[in-house]
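So the structure is just underneath, and the comments pick up after that.
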Amino acid sequence: MKTILKLSAITIFFSLSAIAKPKARVGMQALVKAYFNSPAQANVKFTITKKDLHNGYMKYEASYTNQAITRGELAYYVTNGGQEMLAVTTLMCMQACITLLQFYGMQQGKLTLLPNQIVGMTMNDFGNRVNQLIKAKMSANERQRQAQGEMALFSDITSLPQHGTTIYIKKDSRVDRNSIVVAELHFDLTTGKFRFVKR
């Protein structure tokens with residue numbers, strides 16, 4: 001009887017182990033490669049300028065066929081359950097700069113844009129909220145110069161973390177020569193989503 005119970009316990013243990021076995025991770029380098037080689041990036045040449053795989057962080061520069069050059073950051077996130085995600089920023093500058101933030105994951109072996117990674121917001125909502133916060137943080141000097149018709153007084157800079165998981169959104173003033181954090185995105189290791197926190 002003891003032998004049968006032992007065998008049953010061993011069988012149940014191995015059956016549960018086989019069922020509960022986590023899916024193998026793709027890894028940051030594979031996600032970055034998939035992003036760089038995606039159809040949307042067909043006319044772009046990427047160069048990694050900083051790589052810190054231990055902390056899931058990279059910086060890049062990109063040159064386009066029309067000679068435009070930009071730069072950005074990549075951050076790798078993994079939930080407690082093993083779900084992987086790549087955050088990507090792209091800095092777009094003319095007289096001032098604005099940062100495009102996007103999230104990607106692998107679904108059925110394909111890189112997929114994840115549009116709902118911020119709790120209660122679409123990415124358009126996020127952009128609008130950031131614009132409101134940045135305008136609310138304008139200095140008297142900036143307001144005066146804007147009233148005089150001056151444009152491109154400040155940039156909207158989103159910084160991905162090399163350490164930790166928090167994403168910072170900053171107002172970088174060309175006029176006041178300072179940079180202030182206006183909001184943060186706090187990562188939830190359980191859900192894989194971010195919570196928008198106003199500063």
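Can you give the relative contact order of region 57-194 as a percent, counting alpha carbon pairs under 8 Å and 6+ residues apart? So the answer I get is 21 percent. Full extension of the segment from Q108 to R199, taken as 0.36 nm per residue of separation minus the current Cα-Cα distance, would add 29.0 nm. Basic side chains Lys and Arg get +1 at the Cβ, acidic Asp and Glu get -1 at the Cβ, and with that the dipole of the chain about its Cα centre reaches some 420 debye. Of the trypsin sites (Lys or Arg not before Pro) found in region 140-181, those in coil by DSSP whose Cβ has at most 11 other Cβ atoms within 10 Å are R177. Note on surface exposure: E150, E84, E61 rank E61, E150, E84 by accessible area, highest first, 1.4 Å probe. For the chain, build the charge dipole from Cβ charges (+1 Lys, Arg; -1 Asp, Glu) around the Cα centre, then report which of A140, T190, G120 sits farthest towards its positive end. Working it through, the farthest residue towards the positive pole turns out to be T190.
Between the entries (i) 15.1; (ii) 12.4; (iii) 10.9, the label attached to mean projected area of the Cα convex hull in nm² calculated for this structure is (i).
Each Lys or Arg adds one and each Asp or Glu takes one away; over the other residues whose Cβ falls under 13 Å from the Cβ of M85, this sums to 0. The magnitude of the dipole of region 69-153, with charges of +1 and -1 set on the Cβ of Lys/Arg and Asp/Glu and taken from the Cα centre, is near 200 debye.
With respect to the chain, whose longest principal axis is taken over its alpha-carbon atoms, helix 2-20 is tilted by about 20°.
To the nearest 10, the accessible area of V119 is 90 Å² with a 1.4 Å probe. In the complete set of protein chains, residue-level accessible area for I69 is approximately 130 Å², probe 1.4 angstrom. The length gained on full extension between A140 and N43, counted as 0.36 nm times the residue separation minus their Cα-Cα distance, comes to 30.7 nm. When both region 30-46 and region 130-190 are represented by their alpha-carbon centers, they are found 28 Å apart.
The values are calculated or read from the model by the stated rules, or taken from the named source; none is laboratory data. Everything quoted here is computed from the prediction, not taken from an experiment. For neighbour counting, all protein chains shown are included, and Cβ atoms are generated from backbone atoms with ideal geometry for every residue, glycine included. Remember, those area values only see protein heavy atoms, side chains included, never the ligands or the DNA or RNA. Shrake-Rupley method; radii C 1.70, N 1.55, O 1.52, S 1.80 Å.
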